[in-house]
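The values are calculated or read from the model by the stated rules, or taken from the named source; none is laboratory data. Remember, it's a predicted structure, so these values are computed and weren't measured experimentally. Please note: Cβ atoms are built from the backbone with ideal geometry, for glycine as well, and neighbour counts cover all protein chains shown. Just so you know, the surface numbers come from the protein's heavy atoms only, side chains and all, with ligands and any DNA or RNA stripped out. Shrake-Rupley method; radii C 1.70, N 1.55, O 1.52, S 1.80 Å.
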Amino acid sequence: MTSSGTFIAGTGDGRILAYDSEGNTTLTEGESHKNLVTGFAVQGDTLLSVGMDDTLREVEANGQRMSCVSLDLFLHGE
């Protein structure tokens with residue numbers, strides 16, 4: 001749940017959905033994960049999502065749009 005009262009959920013195919021207090025559902029715009037969204041975290045006013053595609057992505061606080069911020073979490077070993 002975000003500070004705006006929006007409930008955020010991830011799907012198995014990498015999409016993020018935002019549910020408002022009236023029960024309306026919105027598909028988050030922008031580049032999504034490539035597969036399963038495995039979790040969310042809040043850092044200050046920032047909502048972060050992580051997926052099985054080994055990326056960490058930033059979601060705007062209202063859940064309406066993915067930010068262009070993305071971090072590759074895959075550790076390239078020797």
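For this structure, a couple of remarks:
- Contact order for the range 26-70, expressed relative to its length and based on alpha carbon pairs under 8 Å spaced 6+ residues apart, stands at 37 percent.
- Formal net charge of residues neighbouring Val59 (Cβ-Cβ distance under 14 Å; K, R +1; D, E -1): -2
- Positive minus negative residues near Ser70 (Lys, Arg vs Asp, Glu; Cβ under 12 Å): -3
- The chain, accessible surface, carbon-and-sulfur percent (1.4 angstrom probe): 52
- Site pair Ala9 and Thr38 shows an inter-label distance of 2.1 nm when each label is modelled 7 Å from Cα along Cα→Cβ.
- Here each label is just a point 7 Å from Cα along the line to Cβ, and for Glu22 and Asp45 those points are 2.5 nm apart.
- Spin-label pair Glu29/Val69, simplified geometry with 7 Å Cα→Cβ offset, distance in nm: 2.0
- Ligands, DNA and RNA are left out, and with a 1.4 angstrom probe the accessible area of the chain is 65 Å² per residue.
- The chain - convex hull of alpha carbons, volume per residue in Å³: 83
- Percent RCO, i.e. relative contact order, over the chain, from Cα pairs under 8 Å lying at least 6 residues apart: 24
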